[in-house]
Amino acid sequence: MKALLIVLKTFLAEKRLMLALGFLLAALTALAGIALLSVSGWFITATALAGLTSAAALAFDVFAPSAGIRFLALFRTAARYGERVVSHDATLSVLAGMRETLFRAFATAREARALALSPARLLFRLTLDVDALDGLYLRLLMPAGVALVSVLFTMLCLAFIDGWASIAIGLFLIGAGFTIATVAALRAQKPARFRAAALEALRGQVINLVSGATDLLMTGQIAARRQAATSAEARLAATDDRLNRIETITGFGLAALAPLAGGGLLLVLALLVERGVIGAPGAAFALLLVLAAAEPFTGLRRGALEAGRILVAARRIAPRLAATAPEIIHQSPPEGEVVRLTNVTARHAGAARAVLTDLSLTITAGEIVALTGPSGAGKSTLMALIAGEIIAESGEVAVARASLLTQRAELFADTLAGNLRLARPGATDAELWAALEAAGLAETVRALPDGLATWLGEGGAGLSGGERRRLSLARLLLTDCPLLLLDEPTEALDLETARDIMARLTLARGDRSLLIATHRTHEAAISDRMIVIESGQISGNFKRMDAGYGEVASRLRKD
């Protein structure tokens, strides 16, 4: 319930007045429909009775009731249209705001790294979960409120005919209607959760099948993945069948409210007519009033079935709506330095032990530092700490603005210019060409028919591995950060391309500092200092002129 309250609070904070107006219009629509049916029944019955004698027919006023009926019909249509426009516009606006909040939460450095392990998760949160929350207002709260208002209005009208009948009918409709809806919601909660999980699994399987079709085909795994997608679809179909059965039973129960309430009231009305308390037109008015009052309860059917799905979505989204994790902001280092770490201990979220322990490091402005050590020693963790992707558990961290280039080139389905402008949105074409020239990719791009407007596929499809790495380097050079972090920047590239990239990086960096995590000699060869990290601590720190520098370099992987 806490998660639902957080989501509801978001709804009210965003569009409180619009949501209230939408509910008011929905209630007025229902009340106009109830009044239209009951007054029409009274009018038809009264007209029929008045026509039995000429004196009564001449005395009966048909104009006022007919004018009222026409007004109610027009008013109901207008209110219905206004309710749809207002309530749906308000809901869609709130959901759009939720998507922006979620995207900003996932766009932080820490979340982006975790999201890379499961990229479809953001898609599911922004689509499946947020879409599910439109039912909280449109299919749960508003129908329940309208049904309650309709019953209270009916009770008020019936009170002028018979007070006990008014109370009995009201209690029956409220008790039976909301009980049926509640039982349906409880019965549907488990299959609704299973359906949400099955739908997410199916989408994930299809996304993996489509995005990795080439690799799966080459490894002979495409049939197995296709079977996994088919199994996920079968699970989805099974949960749909369960929900459809519950929906059918719920619809039958809610539809039975009107004849049950009407049948009971009909007996009471017969006695009242026999005693002369009311006439036939009044009895018709009361009977149709109750039949119309039961109709809004049928709107609870869909909301009851989706209650489980809404609750799951709220539990997933509410924590990020309640407190979006801010970006890690480090304090600035002293003048002339870009990194100063003092007795830092850090671990990844959920890790049992710290990766870095009591580590201290200083990098001066303009310095090139190579970071080496065995796999798992903590090099990537140190880079992530400096980049602001994880937070130190203890110690002091003072770091200048830094930009990280990982081993994987993160390119998007966009133009070359669009991929480059991720680093500097306001960059001119001349600045883009200068960055491409520095990265050694300018001639290749000029040879393309569309130049900077060339469209790339997902992950930079359309470029070779070396060209993707050069494009990533050009984007890195466009940043105005004083510190560039490179995690094995030439991994999986041929030696000639790798050496060319490192040489160009050295020339194009200007007065910026470089921190390079590496296992390869040609990457470390441009460094002014070499740092060895082992078991989360610095075990060696050698300048180029030190004897240890050559010893460490000799242990690196040969080109």
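Miscellaneous remarks
- Top-ranked residue of region 474-523 - restricted to ones that are under 40 Å from the mean Cα position of the chain (by Cα) and of a type in the set (Ser, Thr, Tyr), ranked as modelled with the highest pLDDT: 513
- Being modelled with pLDDT of 80 or more, assigned by TED's automatic domain parsing to the domain that holds residue 137 and in contact with an Asp or Glu (Cβ under 8 Å, 6 or more places away or on another chain) is not true of residue 365.
- Some residue of region 20-43 being at pLDDT below 90, in contact with a Phe, Trp or Tyr (Cβ under 9 Å, 6 or more places away or on another chain) and not in a helix (DSSP H, G or I): no
- The sole residue among 533, 526 that is closer than 24 Å to residue 357 by Cα and either assigned to a helix (DSSP H, G or I) or touching a residue at least 24 places away in the same chain (Cβ under 8 Å) (or both) is 533.
- Of the residues examined, residue 289 is one that is touching a Cys at 6+ places or on another chain (Cβ under 9 Å), assigned by TED's automatic domain parsing to the domain that holds residue 187 and of a type in the set (A, V, I, L, M).
- The sole residue among 153, 172 that is under 26 Å from residue 44 (Cβ atoms), crowded, with 17+ Cβ neighbours inside 10 Å and at pLDDT 90 or above is 153.
- From the list 388, 373, the one residue that fits, being over 14 Å from residue 517 (Cβ atoms), touching a Lys or Arg at 6+ places or on another chain (Cβ under 9 Å) and either surrounded by 22 or more Cβ atoms within 10 Å (Cβ to Cβ) or modelled with pLDDT under 85 (or both), is 388.
- Filter result for residue 196 (exposed (fewer than 14 other Cβ atoms within 10 Å of the Cβ), small (Gly, Ala, Ser) and part of a helix (DSSP H, G or I)): no
The values are calculated or read from the model by the stated rules, or taken from the named source; none is laboratory data. What you are looking at is a predicted structure, and each value in this text was computed from that prediction instead of being measured. Glycine gets a Cβ as well: all are built from the backbone with ideal geometry, and neighbour counts include every protein chain shown.
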